[in-house]
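Everything below concerns the one structure shown next.
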Amino acid sequence: MPQALSASDPSALLDAVLKTNKKTSNPRLKAVMDAAIRHLHAFALEVDLTPDELHVGLEFLVAVGHATGPTKHEGILLADILGLATLTQLRGARHAVAAGGTEPALVGPFWRANQPLRPSGATISSPGTPGARLTVTGRVTDLKGDSIAGARVETWQASPKGLYENQDPEQEDMNLRGRFETDEQGRFSFISVRPAGYPVPVDGPCGELLAAQGRHTMRPAHLHFIAVAPGYRVLATQFFDTEDPHAYDDVVFGAVGSLLRRFEPDGANGYRLHVELKLERGETRVPHCPLP
Ligand SMILES: [Fe+2]
(Lines give C-alpha, C1' and ligand atoms only; values in the text may rest on other atoms or scores of the structure.)
Protein backbone atom coordinates (compact mmCIF):
# COMPACT_ATOMS: atom_id res chain seq x y z
CA MET A 1 0.00 0.00 0.00
CA PRO A 2 1.50 3.40 -0.95
CA GLN A 3 2.54 5.79 1.82
CA ALA A 4 0.46 8.92 2.38
CA LEU A 5 2.36 12.10 1.55
CA SER A 6 3.90 13.98 4.43
CA ALA A 7 4.54 17.71 4.84
CA SER A 8 7.99 16.85 6.19
CA ASP A 9 9.01 14.96 3.05
CA PRO A 10 8.73 17.10 -0.11
CA SER A 11 10.85 14.60 -2.05
CA ALA A 12 8.06 12.01 -1.81
CA LEU A 13 5.65 14.56 -3.29
CA LEU A 14 8.11 15.30 -6.09
CA ASP A 15 8.49 11.58 -6.81
CA ALA A 16 4.70 11.18 -6.92
CA VAL A 17 4.34 14.04 -9.41
CA LEU A 18 7.20 12.77 -11.59
CA LYS A 19 5.55 9.33 -11.61
CA THR A 20 2.46 10.83 -13.25
CA ASN A 21 4.65 11.89 -16.18
CA LYS A 22 6.03 8.40 -16.87
CA LYS A 23 3.51 7.51 -19.57
CA THR A 24 4.04 10.68 -21.60
CA SER A 25 4.63 9.16 -25.01
CA ASN A 26 6.46 12.08 -26.65
CA PRO A 27 10.03 11.65 -25.31
CA ARG A 28 10.93 15.34 -25.68
CA LEU A 29 7.77 16.43 -23.89
CA LYS A 30 8.51 13.90 -21.14
CA ALA A 31 12.05 15.24 -20.68
CA VAL A 32 10.87 18.86 -20.66
CA MET A 33 8.03 18.16 -18.20
CA ASP A 34 10.28 16.08 -15.90
CA ALA A 35 12.75 18.96 -15.73
CA ALA A 36 10.03 21.59 -15.36
CA ILE A 37 8.46 19.68 -12.45
CA ARG A 38 11.82 19.17 -10.71
CA HIS A 39 12.86 22.81 -11.12
CA LEU A 40 9.47 24.20 -10.09
CA HIS A 41 9.51 22.14 -6.91
CA ALA A 42 13.11 23.12 -6.17
CA PHE A 43 12.22 26.78 -6.78
CA ALA A 44 9.24 26.64 -4.41
CA LEU A 45 11.40 25.01 -1.74
CA GLU A 46 14.26 27.48 -2.19
CA VAL A 47 12.08 30.56 -1.68
CA ASP A 48 9.69 28.77 0.71
CA LEU A 49 6.80 29.80 -1.54
CA THR A 50 3.55 30.42 0.32
CA PRO A 51 0.09 29.61 -1.11
CA ASP A 52 -0.64 33.37 -1.29
CA GLU A 53 2.56 33.98 -3.26
CA LEU A 54 1.71 31.11 -5.60
CA HIS A 55 -1.65 32.79 -6.20
CA VAL A 56 0.06 36.12 -6.98
CA GLY A 57 2.34 34.35 -9.46
CA LEU A 58 -0.56 32.58 -11.16
CA GLU A 59 -2.53 35.84 -11.38
CA PHE A 60 0.52 37.41 -12.99
CA LEU A 61 0.54 34.69 -15.67
CA VAL A 62 -3.20 35.16 -16.21
CA ALA A 63 -2.58 38.90 -16.66
CA VAL A 64 0.16 38.11 -19.22
CA GLY A 65 -2.42 36.12 -21.14
CA HIS A 66 -5.05 38.85 -20.92
CA ALA A 67 -2.53 41.46 -22.11
CA THR A 68 -1.83 39.36 -25.23
CA GLY A 69 -3.86 40.00 -28.34
CA PRO A 70 -3.64 40.53 -32.08
CA THR A 71 -1.31 43.53 -31.75
CA LYS A 72 0.68 42.67 -28.63
CA HIS A 73 2.28 39.52 -27.22
CA GLU A 74 3.00 39.97 -23.53
CA GLY A 75 4.24 36.38 -23.23
CA ILE A 76 7.09 37.05 -25.65
CA LEU A 77 7.91 40.21 -23.73
CA LEU A 78 8.06 38.21 -20.47
CA ALA A 79 10.48 35.70 -22.02
CA ASP A 80 12.52 38.64 -23.32
CA ILE A 81 12.87 40.59 -20.07
CA LEU A 82 13.82 37.41 -18.20
CA GLY A 83 16.60 36.71 -20.70
CA LEU A 84 14.96 33.39 -21.62
CA ALA A 85 14.47 34.25 -25.29
CA THR A 86 18.11 35.30 -25.68
CA LEU A 87 19.28 32.19 -23.82
CA THR A 88 17.38 29.80 -26.08
CA GLN A 89 18.50 31.61 -29.21
CA LEU A 90 22.17 31.65 -28.24
CA ARG A 91 22.05 27.99 -27.18
CA GLY A 92 20.30 26.99 -30.38
CA ALA A 93 22.94 28.71 -32.50
CA ARG A 94 26.07 27.80 -30.53
CA HIS A 95 27.42 25.34 -33.11
CA ALA A 96 26.79 27.72 -36.02
CA VAL A 97 28.36 30.64 -34.15
CA ALA A 98 31.41 28.55 -33.22
CA ALA A 99 31.77 27.81 -36.95
CA GLY A 100 31.63 31.51 -37.84
CA GLY A 101 27.88 31.99 -38.24
CA THR A 102 26.14 35.25 -37.38
CA GLU A 103 24.99 35.46 -33.78
CA PRO A 104 21.22 35.43 -33.41
CA ALA A 105 19.07 37.80 -31.42
CA LEU A 106 15.49 37.44 -30.36
CA VAL A 107 12.66 37.91 -32.84
CA GLY A 108 10.76 40.07 -30.37
CA PRO A 109 7.09 41.03 -30.50
CA PHE A 110 7.08 43.40 -33.52
CA TRP A 111 7.71 41.20 -36.57
CA ARG A 112 4.68 41.29 -38.86
CA ALA A 113 3.48 38.69 -41.33
CA ASN A 114 3.21 39.79 -44.95
CA GLN A 115 5.80 42.56 -44.79
CA PRO A 116 5.94 44.12 -48.26
CA LEU A 117 8.29 42.61 -50.84
CA ARG A 118 10.48 45.43 -52.12
CA PRO A 119 13.14 45.56 -54.84
CA SER A 120 16.74 45.67 -53.66
CA GLY A 121 17.82 49.27 -53.09
CA ALA A 122 14.27 50.42 -52.28
CA THR A 123 13.42 52.89 -49.56
CA ILE A 124 11.52 51.35 -46.67
CA SER A 125 10.70 54.68 -44.98
CA SER A 126 7.58 56.38 -46.26
CA PRO A 127 7.72 60.10 -47.16
CA GLY A 128 7.65 62.30 -44.08
CA THR A 129 9.44 59.85 -41.82
CA PRO A 130 11.87 62.02 -39.84
CA GLY A 131 15.47 61.14 -39.13
CA ALA A 132 18.90 60.76 -40.69
CA ARG A 133 19.16 58.65 -43.84
CA LEU A 134 20.54 55.16 -43.28
CA THR A 135 21.79 53.11 -46.22
CA VAL A 136 21.89 49.41 -45.43
CA THR A 137 23.76 46.87 -47.50
CA GLY A 138 23.86 43.21 -46.70
CA ARG A 139 24.93 39.82 -47.88
CA VAL A 140 23.65 36.35 -47.09
CA THR A 141 26.22 33.57 -47.18
CA ASP A 142 26.84 30.09 -45.85
CA LEU A 143 29.42 29.51 -43.12
CA LYS A 144 32.23 29.34 -45.70
CA GLY A 145 31.27 32.74 -47.06
CA ASP A 146 29.72 31.45 -50.29
CA SER A 147 26.77 33.51 -51.48
CA ILE A 148 23.21 32.32 -51.03
CA ALA A 149 21.11 33.61 -53.93
CA GLY A 150 17.33 33.88 -53.64
CA ALA A 151 17.31 34.06 -49.84
CA ARG A 152 14.40 35.91 -48.26
CA VAL A 153 15.55 38.71 -45.96
CA GLU A 154 13.06 40.56 -43.81
CA THR A 155 13.82 43.70 -41.85
CA TRP A 156 11.87 45.87 -39.45
CA GLN A 157 12.84 48.71 -37.15
CA ALA A 158 11.54 51.49 -34.96
CA SER A 159 11.37 55.07 -36.19
CA PRO A 160 13.68 57.85 -34.91
CA LYS A 161 10.94 58.45 -32.34
CA GLY A 162 11.43 54.91 -31.07
CA LEU A 163 8.08 53.56 -32.26
CA TYR A 164 7.21 50.72 -34.64
CA GLU A 165 4.58 51.69 -37.18
CA ASN A 166 1.96 49.45 -35.57
CA GLN A 167 2.39 51.44 -32.33
CA ASP A 168 2.28 54.86 -33.98
CA PRO A 169 -0.81 56.33 -35.73
CA GLU A 170 1.45 58.91 -37.42
CA GLN A 171 3.24 56.26 -39.49
CA GLU A 172 1.94 54.57 -42.62
CA ASP A 173 1.05 50.90 -42.50
CA MET A 174 4.20 48.76 -42.92
CA ASN A 175 6.53 51.78 -42.66
CA LEU A 176 10.15 50.82 -41.91
CA ARG A 177 9.50 47.21 -42.82
CA GLY A 178 10.47 45.25 -45.86
CA ARG A 179 11.12 41.89 -47.43
CA PHE A 180 13.92 41.42 -49.96
CA GLU A 181 15.34 38.65 -52.09
CA THR A 182 19.09 38.28 -52.43
CA ASP A 183 20.73 38.47 -55.85
CA GLU A 184 23.23 36.01 -57.36
CA GLN A 185 25.94 37.34 -55.02
CA GLY A 186 23.66 37.00 -51.99
CA ARG A 187 23.33 40.77 -51.74
CA PHE A 188 20.43 43.03 -50.77
CA SER A 189 20.21 46.70 -49.87
CA PHE A 190 17.71 49.31 -48.82
CA ILE A 191 17.42 52.92 -47.70
CA SER A 192 15.92 53.73 -44.33
CA VAL A 193 16.34 56.16 -41.45
CA ARG A 194 18.54 55.78 -38.41
CA PRO A 195 16.39 54.16 -35.73
CA ALA A 196 16.17 55.23 -32.10
CA GLY A 197 16.17 53.09 -29.01
CA TYR A 198 12.80 52.55 -27.38
CA PRO A 199 11.19 51.33 -24.19
CA VAL A 200 9.54 47.94 -24.24
CA PRO A 201 5.77 48.22 -23.70
CA VAL A 202 5.15 48.86 -20.01
CA ASP A 203 1.34 49.07 -19.96
CA GLY A 204 0.98 45.42 -18.96
CA PRO A 205 2.13 43.10 -16.17
CA CYS A 206 5.71 43.04 -17.53
CA GLY A 207 5.85 46.81 -17.02
CA GLU A 208 4.75 46.32 -13.41
CA LEU A 209 7.44 43.70 -12.92
CA LEU A 210 10.16 45.94 -14.38
CA ALA A 211 9.06 48.78 -12.09
CA ALA A 212 9.02 46.50 -9.05
CA GLN A 213 12.55 45.41 -9.93
CA GLY A 214 13.69 49.03 -10.32
CA ARG A 215 14.84 48.33 -13.88
CA HIS A 216 15.01 50.69 -16.84
CA THR A 217 12.88 49.73 -19.84
CA MET A 218 15.09 50.66 -22.80
CA ARG A 219 16.34 48.74 -25.78
CA PRO A 220 19.31 50.18 -27.71
CA ALA A 221 18.58 51.30 -31.28
CA HIS A 222 18.62 48.37 -33.68
CA LEU A 223 17.41 46.86 -36.92
CA HIS A 224 15.85 43.40 -36.99
CA PHE A 225 16.62 40.83 -39.68
CA ILE A 226 15.38 37.38 -40.52
CA ALA A 227 17.06 35.43 -43.32
CA VAL A 228 15.31 32.39 -44.78
CA ALA A 229 16.87 30.11 -47.40
CA PRO A 230 15.87 26.52 -48.21
CA GLY A 231 18.37 24.03 -46.78
CA TYR A 232 19.64 26.46 -44.14
CA ARG A 233 18.63 27.18 -40.57
CA VAL A 234 16.69 30.41 -40.30
CA LEU A 235 18.69 33.28 -38.81
CA ALA A 236 16.84 35.87 -36.74
CA THR A 237 19.09 38.63 -35.50
CA GLN A 238 19.45 42.34 -34.78
CA PHE A 239 22.24 44.84 -35.28
CA PHE A 240 22.69 47.50 -32.61
CA ASP A 241 23.97 51.07 -32.70
CA THR A 242 27.09 51.26 -30.49
CA GLU A 243 26.45 54.96 -29.91
CA ASP A 244 23.15 54.30 -28.18
CA PRO A 245 23.37 54.94 -24.41
CA HIS A 246 21.90 51.49 -23.74
CA ALA A 247 24.08 49.60 -26.23
CA TYR A 248 25.62 47.64 -23.35
CA ASP A 249 22.52 47.55 -21.18
CA ASP A 250 19.65 46.13 -23.23
CA VAL A 251 16.53 45.48 -21.12
CA VAL A 252 16.00 42.21 -23.01
CA PHE A 253 19.70 41.19 -23.14
CA GLY A 254 19.73 40.88 -26.94
CA ALA A 255 22.65 43.19 -27.71
CA VAL A 256 25.43 40.63 -27.72
CA GLY A 257 28.93 41.81 -28.58
CA SER A 258 29.27 40.73 -32.19
CA LEU A 259 25.99 42.44 -33.12
CA LEU A 260 27.04 45.93 -31.98
CA ARG A 261 27.88 48.10 -34.98
CA ARG A 262 29.02 51.64 -35.59
CA PHE A 263 26.69 53.33 -38.05
CA GLU A 264 29.32 54.90 -40.31
CA PRO A 265 28.80 58.53 -41.40
CA ASP A 266 27.79 58.74 -45.06
CA GLY A 267 27.49 62.21 -46.56
CA ALA A 268 26.14 65.31 -44.84
CA ASN A 269 23.21 63.79 -42.96
CA GLY A 270 23.47 60.10 -43.48
CA TYR A 271 24.86 56.85 -42.18
CA ARG A 272 25.56 53.46 -43.61
CA LEU A 273 25.51 49.99 -42.18
CA HIS A 274 26.72 46.75 -43.72
CA VAL A 275 25.54 43.42 -42.35
CA GLU A 276 26.68 39.90 -43.10
CA LEU A 277 24.13 37.17 -42.45
CA LYS A 278 25.95 33.83 -42.28
CA LEU A 279 23.65 30.83 -42.23
CA GLU A 280 24.26 27.25 -41.13
CA ARG A 281 23.02 24.33 -43.21
CA GLY A 282 20.07 22.59 -41.60
CA GLU A 283 16.33 22.39 -41.37
CA THR A 284 14.52 25.57 -42.44
CA ARG A 285 12.05 26.30 -39.66
CA VAL A 286 10.61 29.80 -39.74
CA PRO A 287 9.85 31.08 -36.21
CA HIS A 288 6.36 32.04 -35.14
CA CYS A 289 5.40 35.48 -36.41
CA PRO A 290 3.79 37.38 -33.53
CA LEU A 291 1.78 39.96 -35.48
CA PRO A 292 -0.55 39.80 -38.48
FE1 LIG B 1 13.00 45.82 -31.92
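The values are calculated or read from the model by the stated rules, or taken from the named source; none is laboratory data. This structure is a prediction, so every number in the text was calculated from the model and none was measured. Using ideal geometry, Cβ is built from the backbone for each residue, glycine included, and neighbour counts are taken over all protein chains shown.
Collect the residues in region 265-275 that are surrounded by 13 or more Cβ atoms within 10 Å (Cβ to Cβ) and either part of a loop (DSSP other than H, G, I, E, B) or within 19 Å of the chain's Cα centre (by Cα) (or both), keeping them in residue-number order.
Step one: of region 265-275, the residues surrounded by 13 or more Cβ atoms within 10 Å (Cβ to Cβ) are 266, 270-275.
Within region 265-275, D266, V275 meet the criteria.
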query: Only one of (1) under 21 Å from the mean Cα position of the chain (by Cα); (2) modelled with pLDDT under 95; (3) among the small types (G, A, S) fails for G128. Which number is that?
result: (1)
message: For region 56-168, give me every one of the helices (runs of 4 or more DSSP H) that falls completely inside it and has 1 or more residues that are within 16 Å of the ligand (Cβ to nearest atom) and out of contact with any strand residue (DSSP E or B) (no Cβ under 7 Å at 6 or more places or on another chain).
response: 74-81, 84-92
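Please specify each residue of region 120-145 satisfying the condition of being touching a residue at least 12 places away in the same chain (Cβ under 8 Å), more than 25 Å from P201 (Cβ to Cβ) and not small (G, A, S).
Initial filter on region 120-145 (touching a residue at least 12 places away in the same chain (Cβ under 8 Å)): 120-126, 129-143, 145.
Of the ones still in play, those that are also more than 25 Å from P201 (Cβ to Cβ) are 120-123, 132-133, 135-143, 145.
Scanning region 120-145 gives T123, R133, T135, V136, T137, R139, V140, T141, D142, L143.
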- request: Just need a number here: residues in region 152-181 that are touching a residue at least 60 places away in the same chain (Cβ under 8 Å) and either touching a Ser or Thr at 6+ places or on another chain (Cβ under 9 Å) or closer than 24 Å to L82 by Cβ (or both).
  value: 13
query: Is one or more of the residues making up region 54-63 surrounded by 15 or more Cβ atoms within 10 Å (Cβ to Cβ), within 20 Å of the chain's Cα centre (by Cα) and under 28 Å from W111 (Cα atoms)?
result: no
statement: Here the residues within region 1-46 that are surrounded by fewer than 13 Cβ atoms within 10 Å (Cβ to Cβ), at pLDDT 95 or above and among the charged types (D, E, K, R) are D15, K19, K22, K23, R28, E46
query: Name the residues in region 136-156 that are surrounded by fewer than 19 Cβ atoms within 10 Å (Cβ to Cβ) and among the β-branched types (V, I, T), would you?
result: T137
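Under the condition of being away from the ligand (no atom under 16 Å from the Cβ) and either aliphatic (A, V, I, L, M) or part of a strand (DSSP E or B) (or both), which residue from region 171-190 is surrounded by the fewest Cβ atoms within 10 Å (Cβ to Cβ)? Give the derivation first.
Within region 171-190, the first condition is being away from the ligand (no atom under 16 Å from the Cβ), and the residues that meet it are 172-173, 179-190.
So of that shortlist, the ones also either aliphatic (A, V, I, L, M) or part of a strand (DSSP E or B) (or both) come out as 179-181, 187-190.
Working: R179: 19, F180: 27, E181: 15, R187: 17, F188: 29, S189: 17, F190: 22.
It comes out as E181.
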task: Could you grab the pairs with beta carbons closer than 7 Å, sequence gap of 6+ or different chains, first residue in region 58-73 and in contact (Cβ under 8 Å) with a residue 24 or more places away in the chain, second one of a type in the set (D, E)?
output: V64/E74; A67/E74
- prompt: Which residue pairs have Cβ atoms closer than 9 Å, lie 6 or more positions apart in sequence or on different chains, and pair a first residue in region 204-219 that is free of Cβ contacts under 8 Å to residues at least 40 places away in the same chain with a second residue that is among the β-branched types (V, I, T) and surrounded by fewer than 18 Cβ atoms within 10 Å (Cβ to Cβ)?
  reply: G207/T217; E208/V202; A211/V202; A211/T217; T217/V202
- request: Among the residues of region 206-264, write down those that are among the β-branched types (V, I, T), within 12 Å of the ligand (Cβ to nearest atom) and in a loop (DSSP other than H, G, I, E, B).
  value: V251, V252
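Conditions tested, residue by residue: (1) touching a Cys at 6+ places or on another chain (Cβ under 8 Å); (2) surrounded by fewer than 19 Cβ atoms within 10 Å (Cβ to Cβ); (3) under 30 Å from G65 (Cα atoms).
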{"residue": "P169", "(1), (2), (3)": "no, yes, yes"}
{"residue": "S192", "(1), (2), (3)": "no, no, no"}
{"residue": "D203", "(1), (2), (3)": "no, yes, yes"}
{"residue": "R215", "(1), (2), (3)": "no, yes, yes"}
{"residue": "I226", "(1), (2), (3)": "no, no, yes"}
{"residue": "A236", "(1), (2), (3)": "no, no, yes"}
{"residue": "P245", "(1), (2), (3)": "no, yes, no"}
{"residue": "V256", "(1), (2), (3)": "no, yes, yes"}
